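Everything on this sheet refers to the single structure shown next.
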Amino acid sequence: MNNKKYRLILLIQFIIILLSGIFSSDTWYAIGVSIIGVVFNFLVSLNNPVGFLFGFVYAITNGILAYNGQIYATFIFMLFLQAPMALYSFISWRKKKESTEAIMKKMSFRQNSMLGFAMIALGIVMYFVLQLSNSTNVLVDSVFFVFSVSACLLLAFCYKNAYMITLMSGVCGTILWTYQMLETGSGFSIAAFYLIVSINSIIAVYEQYIKK
């Protein structure tokens, strides 16, 4: 895919975010957060380390947005894990001389099993923690948190599974922010962003697993 097609796809995604935000009367702050997130997700899907710098800015701005919307698991994830891991990922990926795509590793059966158990345990803990707060939609927020944390760490350490789990995170994020929009009347641009994350992740999964 050439640069013109890349720019066209990114432009289409920008337009979707903008129209979604205007449709649901989102604040320009929320729309801006979604646009930053689109650049982050798109560049990382192309294995471009610069995307993680956008990821750092996205984590800070979206963390504030999540806190204001009482989506506390997402707030914790964005500020205390996504932001620092984005900087770590940028430095780590930039240090590698060879193509990032070439160094993406597969996880063994044992590693996948350990990851699965860790995700389940983290999800159970987060579910009961969020029940003590005023978090909205506790179950989906907990599942979204687990997928987001897992994808963030797997990307940082260059595991191919990150793309599949990012897809799951995108689906949960779409559900979570769509619910938020239905409850408050705003947040559609964030929901649209996570839908785009899902689509980009499908493309990345195809490139990593099917095309090869």
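The values are calculated or read from the model by the stated rules, or taken from the named source; none is laboratory data. Computed from a predicted structure; not experimentally measured. For neighbour counting, all protein chains shown are included, and Cβ atoms are generated from backbone atoms with ideal geometry for every residue, glycine included. The protein model used for the area step is the full one, side chains on, heavy atoms only, and it has no ligands, DNA or RNA in it. Shrake-Rupley method; radii C 1.70, N 1.55, O 1.52, S 1.80 Å.
Miscellaneous remarks
- Scanning segment 47-100 for residues that are charged (D, E, K, R) and modelled with pLDDT of 80 or more yields a single hit, R94.
- Taking the listed residues V39, V44, V57, the one that is open to solvent by less than 40 Å² (accessible area, probe 1.4 Å) and over 18 Å from S150 (Cβ atoms) is V39, with no other qualifying.
- Close pairs from segment 81-101: first assigned to a helix (DSSP H, G or I), partner at pLDDT below 85 and among the aliphatic types (A, V, I, L, M), Cβ under 7 Å, at least 6 apart: M85/A156; Y88/A156; S89/L155; S89/A156; S92/A156
- Of the criteria (1) touching a residue at least 40 places away in the same chain (Cβ under 8 Å); (2) aliphatic (A, V, I, L, M); (3) closer than 24 Å to L10 by Cβ, which one M168 fails: (1)
- Where helices (runs of 4 or more DSSP H) fall wholly inside segment 106-188, the ranges with 3 or more residues that are open to solvent by less than 50 Å² (accessible area, probe 1.4 Å) and over 23 Å from S45 (Cβ atoms) are 109-131, 138-156.
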